[in-house]
1. Residue pairs, Cβ under 9 Å, 6 or more apart or interchain, first in the range A:82-99 and on the phi > 0 side of the Ramachandran plot, second at pLDDT below 90 and buried (at least 16 other Cβ atoms within 10 Å of the Cβ). List them.
2. Inspect the range A:87-104 for any residue being more than 14 Å from chain B (Cβ to nearest Cβ) and of a type in the set (Ser, Thr, Tyr) and give the result as yes or no.
3. Considering every residue within the range B:28-38, establish whether at least one is of a type in the set (Asp, Glu), in a strand (DSSP E or B) and open to solvent by 30 Å² or more (accessible area, probe 1.4 Å).
4. Give the number of residues within the range A:1-21 that are open to solvent by 60 Å² or more (accessible area, probe 1.4 Å), closer than 15 Å to residue A:68 by Cα and either outside any loop (DSSP other than H, G, I, E, B) or of a type in the set (Phe, Trp, Tyr) (or both).
5. So which residues in the range B:20-32 are modelled with pLDDT under 95 and among the hydroxyl-bearing types (Ser, Thr, Tyr)?
6. Name every residue in the range A:47-69 that is in contact with a strand residue (DSSP E or B) (Cβ under 6 Å, 6 or more places away or on another chain) and either closer than 17 Å to residue A:9 by Cα or in a strand (DSSP E or B) (or both), in order of residue number.
7. Considering only the range A:13-29, I want to know if a residue exists there that is within 14 Å of chain B (Cβ to nearest Cβ), at pLDDT 95 or above and more than 10 Å from the chain's Cα centre (by Cα).
8. Answer yes or no: is there a residue in the range B:77-99 that is assigned to a strand (DSSP E or B), surrounded by 14 or more Cβ atoms within 10 Å (Cβ to Cβ) and β-branched (Val, Ile, Thr).
Amino acid sequence: DAKTTQPNSMESNEEEPVHLPCNHSTISGTDYIHWYRQLPSQGPEYVIHGLTSNVNNRMASLAIAEDRKSSTLILHRATLRDAAVYYCILTRGGSQGNLIFGKGTKLSVKP
Amino acid sequence: DTGVSQDPRHKITKRGQNVTFRCDPISEHNRLYWYRQTLGQGPEFLTYFQNEAQLEKSRLLSDRFSAERPKGSFSTLEIQRTEQGDSAMYLCASSLLGTGFLGGYTFGSGTRLTVV
């Protein structure tokens with residue numbers, strides 16, 4: 001499975017946008033880019049996923065570089081409840097296997 | 001549907017004792033996964049089931065660990081002769097076959113095991 005690289009931690013101020021980067025230089029053409037987040041004392045929860053085009057949903061936006069070797073998760077207005085560990089994960093299209101997690105980025109949000 | 005349920009939420013046990021955790025997946029999900037997470041690390045895959053069949057086991061799953069999913073519904077994870085190194089959060093997730101690569105995993109809140 002292709003590997004992802006994320007910063008260990010980031011800080012943000014409440015109500016400001018947050019851009020969480022992820023590098024995946026060995027991504028293959030059929031790999032989907034997923035983001036999950038894990039709130040304190042909770043299991044991971046799905047945030048967003050994409051293949052080639054940018055994606056928006058009620059939680060966040062996903063911006064995918066044209067060469068697909070990097071992506072950015074965008075939280076448009078961070079709230080204190082967004083403080084969590086964010087994981088960028090690649091999954092092979094059509095695969096039935098499990099998610100492989102790295103260490104993720106720990107996001108702190110300051111009031 | 002209330003999502004993926006795990007029981008208990010917390011378990012403290014003495015070294016050498018056996019423990020069993022239970023996971024109830026989303027009812028229509030036919031895939032069920034177990035992960036282990038230690039402090040500061042991301043979840044590590046242990047094993048997964050499709051219906052009642054255990055299809056893959058990680059090398060992390062030592063002989064002291066066993067998982068079952070009778071009748072393809074709930075699953076149990078048993079750890080025999082617990083060791084202090086088994087202290088971790090044990091997470092369960094479920095998905096519907098064919099949706100995993102489209103964001104279809106749902107995780108429970110986990111069982112935190114402390115071995116003293």
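The values are calculated or read from the model by the stated rules, or taken from the named source; none is laboratory data. On a predicted model such as this, the values are computed, not experimentally measured, just so you know. Cβ placement follows ideal geometry from the backbone for every residue including glycine, while neighbour counts extend to all protein chains displayed. Surface accessibility is based on the protein's heavy atoms, side chains included, excluding ligands, DNA and RNA. Shrake-Rupley method; radii C 1.70, N 1.55, O 1.52, S 1.80 Å.
1. These pairs meet every condition: A:94/B:101.
2. Checked against the condition, which is being more than 14 Å from chain B (Cβ to nearest Cβ) and of a type in the set (Ser, Thr, Tyr), the range A:87-104 yields no hits at all.
3. No: the range B:28-38 contains no residue that is of a type in the set (Asp, Glu), in a strand (DSSP E or B) and open to solvent by 30 Å² or more (accessible area, probe 1.4 Å).
4. Residues of the range A:1-21 open to solvent by 60 Å² or more (accessible area, probe 1.4 Å): A:1, A:3, A:5, A:8-9, A:11, A:13-17, A:19.
Adding the requirement that they be closer than 15 Å to residue A:68 by Cα leaves A:3, A:5.
Okay, now just the ones that are also either outside any loop (DSSP other than H, G, I, E, B) or of a type in the set (Phe, Trp, Tyr) (or both), so A:5.
Residues that pass the stated criteria total 1.
5. If the condition is that a residue be modelled with pLDDT under 95 and among the hydroxyl-bearing types (Ser, Thr, Tyr), then B:27 is the only one that fits.
6. A:47, A:48, A:49, A:50, A:55, A:61, A:62, A:63, A:64
7. no
8. yes
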